[in-house]
1. Any residue in the stretch 135-146 that is in contact (Cβ under 8 Å) with a residue 60 or more places away in the chain and part of a strand (DSSP E or B) sitting within a Cβ distance under 9 Å of a residue that is surrounded by fewer than 24 Cβ atoms within 10 Å (Cβ to Cβ) and among the charged types (D, E, K, R)? List the pairs, counting only those 6 or more apart or interchain.
2. Quick check on this structure: which one of L69, L85 is at pLDDT 95 or above and either of a type outside the set (G, A, S) or more than 14 Å from the chain's Cα centre (by Cα) (or both)?
3. Would you mind finding the one in L45, L62 that is closer than 30 Å to S12 by Cβ and without any contact (Cβ under 8 Å) to a residue 24 or more places away in the chain?
4. In the stretch 58-79, what residues are open to solvent by 60 Å² or more (accessible area, probe 1.4 Å) and hydrophobic (A, V, I, L, M, F, W, C)?
5. When you check L31 against the structure, is it at pLDDT below 80 and open to solvent by 40 Å² or more (accessible area, probe 1.4 Å), yes or no?
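The values are calculated or read from the model by the stated rules, or taken from the named source; none is laboratory data. Bear in mind that the values here come from a model prediction, so they are computed numbers and not experimental data. Don't worry about glycine lacking a Cβ; one is built from the backbone with ideal geometry, like all the others, and counts go over all protein chains shown. With ligands, DNA and RNA removed, areas are computed over all heavy atoms of the protein, side chains included. Shrake-Rupley method; radii C 1.70, N 1.55, O 1.52, S 1.80 Å.
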Amino acid sequence: RRICDQIAISISYAKQNVKVVGTDPGISAELNGGTHMSLEDIGVLRSIPGVVIFEPVDEVQLRAAMPVLNDYEGCVYVRLFRKELPKVFEEGYKFDLFKADTLREGKDLSIFVTGFQTTDALEAAKILEAEGISCDVINIHTIKPIDRETVIASARKTGAVLTVENHNV
């Protein structure tokens, strides 16, 4: 919370090329309690012009993203989960900072998910499939700017949307 003013004035307003890394965002601080949970970081940083918000799903995606983030000219806020994450992507994965990743195709429900909850969303899609509900599962690794084209296309296709996000409403 304290860094918000520096990001707004010293980075965004000054148009600086800075990458900011926040760890254990949202509820991922687990046992540390509410004082250690950054539940509003996305909401606050989305309101600051020029700030890109990125949250990787696993180490493969993070490794693929690092050169892209390095080459990107501007402010990027990277939300990192400090604990080990299950692997979602295979080696050789091609990362596009501004394009969401469709992890599973479906026709009944669009599940848009960020970060460490992606494996849970994929598991939920398997459970729903056993009940006859087919799900798109789309990893929104770049929260701002969001890949509107992918989101809108999936929502129109399925007619139902569920978001799985690690932050406040």
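1. N139/D101; T142/D96; T142/K99; I143/R46; I143/E165; K144/R46
2. After ruling out the rest, the residue left standing is L69.
3. Criteria check complete, one pass: L62.
4. Once the filter is applied, which keeps residues that are open to solvent by 60 Å² or more (accessible area, probe 1.4 Å) and hydrophobic (A, V, I, L, M, F, W, C), the stretch 58-79 yields only M66.
5. yes
This table checks each residue for (1) out of contact with any Cys (no Cβ under 9 Å at 6 or more places or on another chain); (2) farther than 20 Å from L80 by Cβ.
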{"residue": "E105", "(1), (2)": "no, yes"}
{"residue": "I111", "(1), (2)": "no, yes"}
{"residue": "F116", "(1), (2)": "yes, no"}
{"residue": "L128", "(1), (2)": "no, yes"}
{"residue": "G132", "(1), (2)": "yes, yes"}
{"residue": "I138", "(1), (2)": "yes, yes"}
{"residue": "H141", "(1), (2)": "yes, no"}
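Condition check ((1) open to solvent by less than 40 Å² (accessible area, probe 1.4 Å); (2) touching a helix residue (DSSP H, G or I) at 6+ places or on another chain (Cβ under 8 Å); (3) of a type in the set (S, T, N, Q); (4) modelled with pLDDT of 95 or more) across all residues:
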position	(1), (2), (3), (4)
F81	no, yes, no, no
L97	yes, yes, no, yes
A121	yes, no, no, yes
I127	no, no, no, yes
G132	no, no, no, yes
D136	yes, yes, no, yes
A153	no, no, no, yes
T163	no, no, yes, yes
